[in-house]
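The values are calculated or read from the model by the stated rules, or taken from the named source; none is laboratory data. Predicted model only: the values in this text are computed from it and were never measured. A quick note on method: Cβ atoms are made from the backbone with ideal geometry, for glycine too, and the neighbour counts reach across all protein chains shown.
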Amino acid sequence: MSNILEIQGVSKLFGGLPAVNDVTFEVKKNEILGLIGPNGAGKTTLFNLIAGYHTISKGDIVFEGQKITGLVPEKICHMGIGRTFQVVKPFGEMTVEKNVMVGSFCRYSNPRVAQEKAREVIDFVGLTSERDKVAKGLTIVNRKKLEFARALATEPRILMLDEVMAGLRPNEVDDSLELIRKLQDTGLTLIIVEHIMRAIMNICERLIVLDHGVKIAEGNPIEVTNNPAVIESYLGKEISEHV
């Protein structure tokens, strides 16, 4: 399986302090990769670096063989890297359909075509009955689905999911896992930041663990969760809260 994304010695300094420190790993096409670690480990910062929201202090990011270091978020999104955000902020006064159309306009300038694509995505994530409702009236689980839909409407080849299951009930987490499997079945590559260890262990083929901006472990879920460094820095402190 070939690599679709390469993180090559990437660092990000804020005020001289490293939030991400010399991180290197590869993402394989069509895999589901988990990115875990304690709060403040640098996970969302790394997402922001990949998506172009932060400038890289050192290192390079390569997507499908092309260096994307320094590119603006719009260009990176258009190339095929989509993401969700930890704090869900839809356009509250707009309908679900129009929210998703904002994403589809990344690919289609014709409003009718953008609408058709938005409706396809809305149906895929299970929001058909909510299509004409304003976003501010949605439940938390449907807001999470809308966040999925807006990102999917950009037609990414890699989708980065930032704590999309936070705040959900166990059955809603299970529904989200099923949606992620459906996305992988379409050929999509997924990178997931998540604290719910049951979900991570269930869905991810491989895990990267960050602690204080440094990669401390990499491997399949069993290998990683048995790693003494991971247990000491993360699982030993937090696994009881998230299983």
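Restricted to region 176-196, and to residues there that are over 18 Å from K29 (Cα atoms) and in contact (Cβ under 8 Å) with a residue 60 or more places away in the chain, the residue that is farthest from the chain's Cα centre (by Cα) is H195. Looking at the structure I just gave you, is R150 part of a helix (DSSP H, G or I) and surrounded by fewer than 17 Cβ atoms within 10 Å (Cβ to Cβ)? Answer is no for this residue. Do you know which residues across region 99-118 are crowded, with 17+ Cβ neighbours inside 10 Å and basic (K, R)? Correct list: K117 only. The set of residues in region 1-21 being closer than 13 Å to K58 by Cα and either of a type in the set (S, T, N, Q) or not in a strand (DSSP E or B) (or both) consists of Q8, S11, G16, N21. Take region 77-98 and flag every residue that is free of Cβ contacts under 8 Å to residues at least 40 places away in the same chain and either over 25 Å from L5 (Cβ atoms) or crowded, with 20+ Cβ neighbours inside 10 Å (or both). K89, E97, K98 - these are the residues of region 77-98 that are free of Cβ contacts under 8 Å to residues at least 40 places away in the same chain and either over 25 Å from L5 (Cβ atoms) or crowded, with 20+ Cβ neighbours inside 10 Å (or both).
Looking at the structure I just gave you, is T154 touching a Cys at 6+ places or on another chain (Cβ under 6 Å) and under 25 Å from H78 (Cβ atoms)? Against the criterion (touching a Cys at 6+ places or on another chain (Cβ under 6 Å) and under 25 Å from H78 (Cβ atoms)), T154 qualifies.
Kindly check whether there is at least one residue in region 159-168 that is farther than 25 Å from V27 by Cα and either in contact with a strand residue (DSSP E or B) (Cβ under 9 Å, 6 or more places away or on another chain) or at pLDDT below 95 (or both). Yes, region 159-168 contains at least one residue that is farther than 25 Å from V27 by Cα and either in contact with a strand residue (DSSP E or B) (Cβ under 9 Å, 6 or more places away or on another chain) or at pLDDT below 95 (or both).
Would you check if I208 is at pLDDT 95 or above and farther than 21 Å from I158 by Cα? Considered against the rule, which asks whether it is at pLDDT 95 or above and farther than 21 Å from I158 by Cα, I208 comes out as no.
Of the residues making up region 22-56, those that are assigned to a loop (DSSP other than H, G, I, E, B), over 13 Å from D211 (Cβ atoms) and either of a type in the set (F, W, Y) or in contact with a helix residue (DSSP H, G or I) (Cβ under 9 Å, 6 or more places away or on another chain) (or both) number 7. Yes or no: I76 touching a strand residue (DSSP E or B) at 6+ places or on another chain (Cβ under 7 Å) and modelled with pLDDT of 95 or more? No, not satisfied.
Note on region 197-215: among residues that are free of Cβ contacts under 8 Å to residues at least 40 places away in the same chain and surrounded by fewer than 20 Cβ atoms within 10 Å (Cβ to Cβ), the one that is farthest from D185 (Cα to Cα) is M201. Among all residues of region 81-92, there is none that is at pLDDT 95 or above and in a helix (DSSP H, G or I).
Has region 218-235 got at least one residue that is at pLDDT 90 or above and among the charged types (D, E, K, R)? Taking every residue of region 218-235 in turn, at least one turns out to be at pLDDT 90 or above and among the charged types (D, E, K, R). Across region 48-104, the number of residues qualifying as polar (S, T, N, Q) and either under 14 Å from the mean Cα position of the chain (by Cα) or outside the structural domain of Q8 (by TED's automatic domain parsing) (or both) comes to 6. Just checking, does region 125-133 include any residue being at pLDDT 95 or above and either within 20 Å of T44 (Cα to Cα) or among the hydroxyl-bearing types (S, T, Y) (or both)? Yes; the residues of region 125-133 include at least one that is at pLDDT 95 or above and either within 20 Å of T44 (Cα to Cα) or among the hydroxyl-bearing types (S, T, Y) (or both).
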